[in-house]
1. Could we say that Gly188 is in contact with a Pro (Cβ under 7 Å, 6 or more places away or on another chain), more than 12 Å from Ala220 (Cβ to Cβ) and not aromatic (Phe, Trp, Tyr) here?
2. Phe406 versus (1) hydrophobic (A, V, I, L, M, F, W, C); (2) within 28 Å of Gly263 (Cβ to Cβ); (3) in a loop (DSSP other than H, G, I, E, B): which is the lone unmet condition?
3. Confirm whether Val262 is assigned to a strand (DSSP E or B) and surrounded by fewer than 23 Cβ atoms within 10 Å (Cβ to Cβ).
4. Between Tyr66, Tyr83, which is within 19 Å of the chain's Cα centre (by Cα) and either aromatic (Phe, Trp, Tyr) or crowded, with 19+ Cβ neighbours inside 10 Å (or both)?
5. When the stretch 270-285 is examined, which residues are found to be in contact with a strand residue (DSSP E or B) (Cβ under 6 Å, 6 or more places away or on another chain) and not charged (D, E, K, R)?
6. Within the stretch 97-131, which residues are in contact (Cβ under 8 Å) with a residue 24 or more places away in the chain, surrounded by fewer than 18 Cβ atoms within 10 Å (Cβ to Cβ) and assigned to a strand (DSSP E or B)?
7. Please work out if Val247 is hydrophobic (A, V, I, L, M, F, W, C) and closer than 29 Å to His147 by Cα.
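The values are calculated or read from the model by the stated rules, or taken from the named source; none is laboratory data. These numbers were taken from a predicted model, which means no experiment stands behind them. Here Cβ is always computed from backbone atoms with ideal geometry, including for glycine, and neighbour counts include all displayed protein chains.
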Amino acid sequence: MSRRSGYRAAEQEDRQVDLMGDSDFDDDEYGQPIESKEDTSAVDVKKGKDIQGIPWDNLSFSRDRYRKTRMVCTPVDKGALYYEFQYNTRSVKPTILHFQLRNLVWATTRHDVYLLSQRSVLHWSPFASEKHKVIDLQGHITPSEKHQGNVSEGFYQAQVSTLAVRGNLLVAGGFRGELICKFLDREGISYCCKSTHDDNGITNSLEIFEKPSGSVHFLASNNDCGVRDFDMEKFQICNNFRFPWAVNHTSLSLDGKLVAIVGDNPEGLIVDTNSGKTVHELRGHLDYSFASAWNPDGRTFATGNQDKTCRIWDIRNLSKSVAVLGGNMGAIRSIRYTSDGRFLAMAEPADFVHIFDVGSGYRRKQVVDFFGEISGISFSPDTEALFIGVHDRTYSSLLQYNRLRFYSYLDSAI
């Protein structure tokens with residue numbers, strides 16, 4: 001991972017960890033802080049309240065004027081509407097510790113959201129409007145179970161760079177290669193280890209998956225150019241693949257046979273998951289990539305790049321991408337498909353999440369427009385909700401959008 005932006009090649013830089021002081025956008029532009037702690041509901045918005053609770057009438061500039069100051073290209077037509085605003089809670093404070101890593105929000109159901117919030121990993125229940133602490137990162141984290149390879153002394157004040165949650169397993173990755181594994185149906189931390197002892201071994205991304213046998217694994221991608229496959233039944237590494245450049249993100253195909261690898265190289269890779277051998281190179285991006293996602297159809301996948309584009313690829317012909325999707329302000333930091341494959345959401349570093357209609361050939365989209373850095377995006381597995389973590393000095397919050405239905409009997413059941 002390096003700090004390149006746009007199409008320019010960066011000068012050789014110190015590749016040590018950068019914190020949010022190097023954020024892509026300044027999030028302190030509202031003037032004096034406004035101490036409003038109120039949540040916002042869909043009913044409030046219909047009455048004229050801003051979705052984030054920003055009191056534009058009391059400020060010296062309008063929303064449209066402020067939007068123009070943050071745009072670096074021509075705004076796009078928002079067009080379609082697939083997900084409508086439901087709720088904005090400021091009870092949780094989504095947090096970003098590295099300006100390029102934005103996978104810190106995960107929904108396991110529409111009623112269960114996990115996110116990094118200040119010095120904790122929290123669970124938020126939109127249904128009950130309640131939060132509880134899952135992992136306290138402020139002190140000493142030690143494993144409560146005995147497994148081979150466990151770092152029995154644990155970690156002290158671990159800084160979490162990335163997160164993944166699936167089923168009942170939560171894995172947090174740290175700036176020094178730390179891995180903290182917690183089964184959500186058990187007390188305490190199950191497993192603590194270091195994926196690497198490299199000084200530049202920050203954990204860039206995590207992906208939890210099931211093998212055909214049913215065993216639970218996860219892939220850890222690190223800045224030391226490694227991708228490691230962890231078996232959570234045996235609590236050990238079963239594969240360690242090396243690449244010529246830092247790996248920033250991975251995404252497994254539906255059948256688990258192939259993995260998309262992107263990182264500090266404009267070219268991505270499709271790799272065989274068993275052998276680690278490259279099947280095909282992905283040529284087209286102009287900068288480094290930090291996001292990828294496989295469509296549930298098993299044939300197509302997406303990669304997000306610092307050249308401000310998301311490219312769609314078809315595994316049946318990888319000679320070139322089949323679609324190029326543009327952002328508004330900056331790099332594409334996070335990509336998610338709905339579980340039915342109908343929609344793709346891509347997040348910029350701040351202010352914009354784009355929701356594309358896959359069935360239209362990605363030609364129709366909705367743009368979710370707000371203010372603040374994006375810590376992560378996540379669809380609920382049933383596709384009914386989209387959650388967006390917003391990191392801002394004054395207006396940090398978790399936005400919830402619900403899938404728009406055109407049948408009243410379905411609306412009443414949601």
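1. On the way: in contact with a Pro (Cβ under 7 Å, 6 or more places away or on another chain): no; more than 12 Å from Ala220 (Cβ to Cβ): yes; not aromatic (Phe, Trp, Tyr): yes.
It is false that Gly188 is in contact with a Pro (Cβ under 7 Å, 6 or more places away or on another chain), more than 12 Å from Ala220 (Cβ to Cβ) and not aromatic (Phe, Trp, Tyr).
2. Here Phe406 clears every test but (2).
3. On the way: assigned to a strand (DSSP E or B): yes; surrounded by fewer than 23 Cβ atoms within 10 Å (Cβ to Cβ): no.
The answer is no for Val262.
4. One residue alone meets the criteria, Tyr83.
5. Once the filter is applied, which keeps residues that are in contact with a strand residue (DSSP E or B) (Cβ under 6 Å, 6 or more places away or on another chain) and not charged (D, E, K, R), the stretch 270-285 yields Ile270, Val271, Thr273, Gly276, Thr278, Val279, His280, Leu282, Gly284, His285.
6. The one that is in contact (Cβ under 8 Å) with a residue 24 or more places away in the chain, surrounded by fewer than 18 Cβ atoms within 10 Å (Cβ to Cβ) and assigned to a strand (DSSP E or B): Thr109.
7. Working: hydrophobic (A, V, I, L, M, F, W, C): yes; closer than 29 Å to His147 by Cα: yes.
The answer is yes for Val247.
Every residue, every condition in (1) among the basic types (Lys, Arg); (2) farther than 29 Å from Arg333 by Cβ; (3) in contact with an Asp or Glu (Cβ under 9 Å, 6 or more places away or on another chain); (4) surrounded by 21 or more Cβ atoms within 10 Å (Cβ to Cβ), yes or no:
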site	(1), (2), (3), (4)
Asp136	no, no, no, no
Ser144	no, yes, yes, no
Gly173	no, no, no, yes
Gly177	no, no, yes, yes
Gly188	no, yes, yes, no
Cys192	no, no, yes, yes
Asp198	no, no, yes, no
Asn204	no, no, no, yes
